[in-house]
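S.K.: Quick one: this structure, given as structure tokens, is what I'll be asking you about.
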Amino acid sequence: MSIQDIFNAVNNFQDTEIAGIVQSEIDAGTDVSEILNDGLIGAMDEVGKKFGEGLLFVPEMLMAAQTMKAGLEVVRPLLAGTDTKPRGTVVIGTVKGDLHDIGKNLVAMMLEGAGFTIVDLGVDVEPAAFLDAAKENNAELVAMSALLTTTMPSMEECVKMVKNAGLSTKLMIGGAPVTQAYADKISADGYSADAPGAVALARNLIPGV
Amino acid sequence: MARSRMTFLDEKEMDLIHTQSITLLNEMGVLVHSKSVLQLLEEKGAHVDYEKMTATFSEKMINSALGTAPKEITLFGRDPKHDLHLPAKDVPYSVTNGLAVFVMDKDTGQYRDCDSKDLADFMKLADALNGIDYVWPSLAAKDKPPQTQTLYELWITMQNTSKHIQGDAIHGAHNAKAQIEMASLVVGGKEKLKERPIFSVISCPIAPLSFEKGSIEAQVELARAGIPIASMSMSLGGLSAPITVAGMITNANAENLAGLVITQAASPGAPHIYTSDSTPMDMATGNINYGAPELSLVSFGTAQMAERYNLPAFVSGFGLYNLDYEENEAFCKTVNTMLTAAAKTDIVGGLGGIDSANGVCFKQLLLDAYTWECCRDYLKPVEISERTIAIDAIRDVGHGGNFLIHKHTMENLRKSMILWNKERLSMISLGKNDFRVEAGKIVNRLLNEYQPLPIDENIIRQGYDIIKTYEKKYAE
């Protein structure tokens, strides 16, 4: 076994085998940071590059992320006390009055694959619930989704609440009727037209990552 | 009559899709976010789990719904000349794109937020165009209060077209009742509306197999009032449905059967259209992919299933040949859209839509309407008979002769040849920049000169009163 095997396992979507491969590497005494950075994160960087080039598609990227996550679970207990910083925490949900969550779920999965910790509030989420979850989880980012134009005002309400509470949490929005202009109007920190864009935006919005 | 419509599934394949749909509805059932609708279904024989909010249907229940569903329905217009009988006898009917949230400004070309004035103008244009048979309210009235947007959309559309209107009622039974009340004003009462429903409603499940509270309670209310329901499955392959063509067709089929069971439970004999807007997701972005080749295949399959069930079908789109596409991309999209229209569908939708139906464009509506007028003739039924085979004419003309001025040629020239409208053809053959210029002139001329069939001012006022009353009662 080697770091390369871990790297390959992620790229080959071996989500059931990777735990064993990672454990073997740990047992062999390989540095945990090396396993994480070169094996797991490095593999996801390669996956991201191939996705950007159109060589991999969304379901494959998510599968790779799931594989990486399975490997990360083995390594995680050993990371305490190392220099490894988490990517950040994102509270995500579909706004009040709206039950459509397929886009939100896709964004959540892709953010998780990119290393963010996700707190998924589900659908029909009150503005106050986003605020409370952001506080409880020290979230760096709140991400809101809407499919219906009639539920979009809830986004504005939430942005006001978070800013009035004095949190440094950023807010990003998305969904078919949402636009950059609307995000600017309600003083949200960002907007993305699709899930890959949301990941790039999250990386930009969360400082120090 | 010979028909150039796609037969994609054979009998065994249709049987399998049907039995697998039954298995899904029998075992997994549907999630219904409404206690009242679950209670209705339980009364009619469904097995309901109130904790999980699910209902499962027996094959008997599904067959009963198929038995009571009308095989023929009419989408009525304010003006009877626009009445549309389903199934469509000759070629499919066309309908505009609906409830877009952006508009390409007809004068500046800016792609911007829309408002109720844009909706009024777009519906007026749709009313003026022969290539458009009926309308969806094409734009959201985003300048109106959220809880009454749907009501404004119906009322503004009603004033600007006398063609049939197919809207939505996602905000629940109260909203549906208000729409019924408003439409009743126009036709002269609720009983008259039941005889001549001048509007129908698209009701979308959330795939896979879920029905949200507002839409489904509205659907029940509307079915009871005789308003046709088009229960539109959006089974997006790889996202909300299996990634395979068979999986998308089956999920859409199961959702349509479930939607039908609900409509018939509310009111046996209520008009219902088998409807699907299913396609794979874009594998690169996760967005809906209206350019996917599989879209055509899913349309072919769902149309055949609707035909099997003797239900009118609305499973195809037309258009989305965006004026901004480069020529090669436009070619692919045009081929795809024409193929999709060749499904055994009674209706093609989406005309005037751009940006994956998120937006509409006035010039696009013109292009789509003109293109449809030319293309729909490919789908006309063709008589294959002794008369049209005409061996007598062949004998007459003799070996090596010609048919130029034979009686048979003269009798059938205009009956059987597809003779494209020269004016339309020359318009759609213009390069895209020239088309934009000419289309702009036509759009502005029509909007300035064309007048839709008016509605009595008192009735218009009463309709707005209903909306104001609703606003006061249900404002948050």
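Each value in this text was obtained by applying a stated rule to the coordinates, not by laboratory testing. Since the model is a prediction, treat every value here as computed from it, not as a measurement. Counting neighbours? That spans all protein chains shown, and the Cβs are built from the backbone with ideal geometry, glycine included.
S.K.: Which whole number gives the average count of other chain Cβ atoms within 10 Å of the Cβ atoms across peptide A:52-65?
M.R.: Working: counts 1, 0, 2, 0, 2, 7, 9, 6, 1, 3, 1, 0, 0, 0.
Per residue, the number of nearby Cβ atoms from other chains is 2 on average.
S.K.: Between the range B:283-305 and the range A:128-156, how many Å separate their Cα centres?
M.R.: What the calculation gives is 32 Å, centre to centre.
S.K.: Given the -39500 (n - 2.57) contribution per DSSP H run of 4+ residues, what per-residue ellipticity at 222 nm results for chain A, rounded to the nearest 500 deg cm²/dmol?
M.R.: Details: 9 runs with 99 residues, N = 209.
Dividing the helical sum by the residues of chain A leaves -14500 deg cm²/dmol.
S.K.: Which of A:45, A:98 has the fewest other C-beta atoms within 10 Å, and how do the rest follow up to the most? Please list the in-between numbers first.
M.R.: Details: A:45 11, A:98 24.
With the fewest neighbours first, A:45, A:98 line up as A:45, A:98.
S.K.: Hey, in the GNM for chain A with a 10 angstrom Cα cutoff, which one of A:179, A:117, A:150 fluctuates hardest?
M.R.: A:150
S.K.: Pulled fully out, how much extra length does the chain show between residue B:52 and residue B:387, if you take 0.36 nm times their separation in residues and subtract their Cα-Cα distance? Mind showing how you got there, number by number?
M.R.: Working: separation 335, 0.36 × 335 = 120.60 nm, distance 6.22 nm.
Contour length minus Cα-Cα distance gives 114.4 nm.
S.K.: Hey, another quick one. Just to confirm the filter: which GluC sites (Glu not before Pro) across the range B:268-371 are DSSP coil and have at most 14 other Cβ within 10 angstrom of their Cβ? Spell out each step's value before the answer.
M.R.: Details: sites: B:294, B:307, B:326, B:327, B:329; in loops: B:326.
Of the GluC sites (Glu not before Pro), the ones in loops of the range B:268-371 whose Cβ has at most 14 other Cβ atoms within 10 Å are B:326.
S.K.: At what distance in angstrom do the alpha carbon centres of the range A:89-115 and the range B:211-259 lie from each other?
M.R.: Cα centres, the range A:89-115 to the range B:211-259: 23 Å.
S.K.: For chain B, what does the relative contact order come out to in percent, with C-alpha contacts under 8 Å and a separation of six or more? Working shown, then result.
M.R.: Numbers: 967 pairs, mean separation 93.3, N = 476.
In percent, rounded to a whole number, it is 20.
S.K.: Right, next: For residue A:173, which sequence-distant residues (separation of 5 or more, or a different chain) have an amide H within less than 5 Å of its own amide H, given hydrogens modelled in the peptide plane?
M.R.: Those lying under 5 Å, H to H, from residue A:173 are A:144, A:190, A:191, A:192.
S.K.: Grab the Cα-Cα distance for residue B:406 and residue B:426, subtract it from 0.36 nm times how many residues apart they are, and report the gain in nm with one decimal. Can you show the working numbers first?
M.R.: On the way: separation 20, 0.36 × 20 = 7.20 nm, distance 3.03 nm.
Once the chain is fully extended between residue B:406 and residue B:426, it gains 4.2 nm.
S.K.: Farthest toward the dipole's positive end in the protein assembly as shown, which of B:211, B:361, A:24, given Cβ charges of +1 (Lys, Arg) and -1 (Asp, Glu) about the Cα centre?
M.R.: Of B:211, B:361, A:24, it is B:361.
S.K.: While we're on this one: If you take each beta carbon of peptide A:143-155 and count the beta carbons of other chains within 10 angstrom, what is the mean? Write out the running numbers ahead of the final one.
M.R.: Details: counts 0, 0, 0, 0, 1, 8, 9, 11, 1, 3, 3, 1, 0.
Mean partner-chain Cβ count within 10 Å for A:143-155: 3.
S.K.: Tilt of helix A:42-52 relative to the longest C-alpha principal axis of chain A, in degrees (0 to 90, nearest 10)?
M.R.: That helix lies at roughly 50 degrees to the long axis.
S.K.: Distance between the C-alpha centers of the range A:1-75 and the range B:1-52? Whole Å please.
M.R.: First find each Cα centre; the distance between them is then 41 Å.
S.K.: List the relative contact order of the range B:34-116 as a percent without decimals, with contacts defined as Cα pairs under 8 Å and 6+ residues apart.
M.R.: Working: 64 pairs, mean separation 10.5, N = 83.
Over the range B:34-116, the number comes to 13 percent.
S.K.: Next question, about the same structure. Determine the shielding of peptide B:286-297 by partner chains: average, over its residues, the number of Cβ atoms on other chains within 10 angstrom of each Cβ.
M.R.: On the way: counts 16, 7, 3, 0, 0, 0, 0, 0, 0, 0, 0, 0.
Mean inter-chain Cβ contacts per residue within 10 Å come to 2.
S.K.: Treating the angle as unsigned and between 0 and 90°, give the value, to the nearest 10°, between the Cα long axis of helix A:102-113 and the longest Cα principal axis of chain A.
M.R.: Between helix and principal axis, roughly 40 degrees.
S.K.: Mind checking the log10 I(q)/I(0) for the protein assembly as shown at q = 0.08, 0.10, 0.12 Å⁻¹? Debye, one equal scatterer per Cα, no solvent, two decimals.
M.R.: Evaluating at q = 0.08, 0.10, 0.12 Å⁻¹ gives log10 I(q)/I(0) of -0.67, -1.01, -1.37.
S.K.: Which parts of the range A:188-209 would a label at residue A:168 reach, counting a residue when its backbone N lies under 11 Å from a point 7 Å out along Cα-to-Cβ?
M.R.: A:207-208
S.K.: On to the next question. Can you give the relative contact order of the range B:171-232 as a percent, counting alpha carbon pairs under 8 Å and 6+ residues apart? Numbers along the way, then the final one.
M.R.: Numbers: 79 pairs, mean separation 28.4, N = 62.
Rounded, it is 46 percent for the range B:171-232.
S.K.: Right, another one. Just flag the chymotrypsin sites (Phe, Trp or Tyr not before Pro) in the range B:1-77 sitting in loop per DSSP whose Cβ has no more than 11 other Cβ atoms within 10 Å.
M.R.: Values: sites: B:8, B:50, B:57, B:76; in loops: B:8, B:50, B:57, B:76.
Passing both the DSSP loop test and the Cβ count: B:50.
S.K.: In degrees from 0 to 90, rounded to the nearest 10, what is the angle of the helix A:18-27 Cα long axis to the longest principal axis of chain A?
M.R.: On a 0 to 90 degree scale, this one is about 50.
S.K.: Ignoring solvent entirely, what values of log10 I(q)/I(0) come out of the Debye formula for chain A at 0.13, 0.15, 0.17 Å⁻¹ when each Cα is a single scatterer?
M.R.: The calculated log intensity ratios at q = 0.13, 0.15, 0.17 Å⁻¹ are -0.73, -0.91, -1.08.
S.K.: Please list the non-local residues whose amide H lies under 5 Å from the amide H of residue B:315, H modeled 1.01 Å from N, same-chain partners needing a gap of 5 or more.
M.R.: Amide H neighbours of residue B:315, under 5 Å, 5+ apart: B:276, B:346, B:347.
S.K.: If we count other beta carbons within 10 Å of each Cβ, what is the order of B:68, B:161, A:89, fewest first? The partial results should precede the final answer.
M.R.: Numbers: B:68 15, B:161 28, A:89 19.
With the fewest neighbours first, B:68, B:161, A:89 line up as B:68, A:89, B:161.
S.K.: Same structure again: Please report B:314, B:122 as a ranked list, fewest other C-beta atoms within 10 angstrom at the top and most at the bottom. Intermediate values should be presented prior to the final figure.
M.R.: On the way: B:314 27, B:122 31.
Placing the least packed residue first, the sequence is B:314, B:122.
S.K.: Lys pairs in chain A, Cα-Cα under 13 Å, at least 8 apart or on separate chains: how many?
M.R.: Details: A:135/A:163; A:135/A:170; A:160/A:170; A:160/A:185.
Lysine pair count for chain A: 4.
S.K.: Separate question: Can you list the residues, at least 5 places off or on another chain, whose amide H is less than 5 Å from the amide H of residue B:94, using H built in the peptide plane?
M.R.: So residue B:94 has HN proximity to B:133, B:134, B:348.
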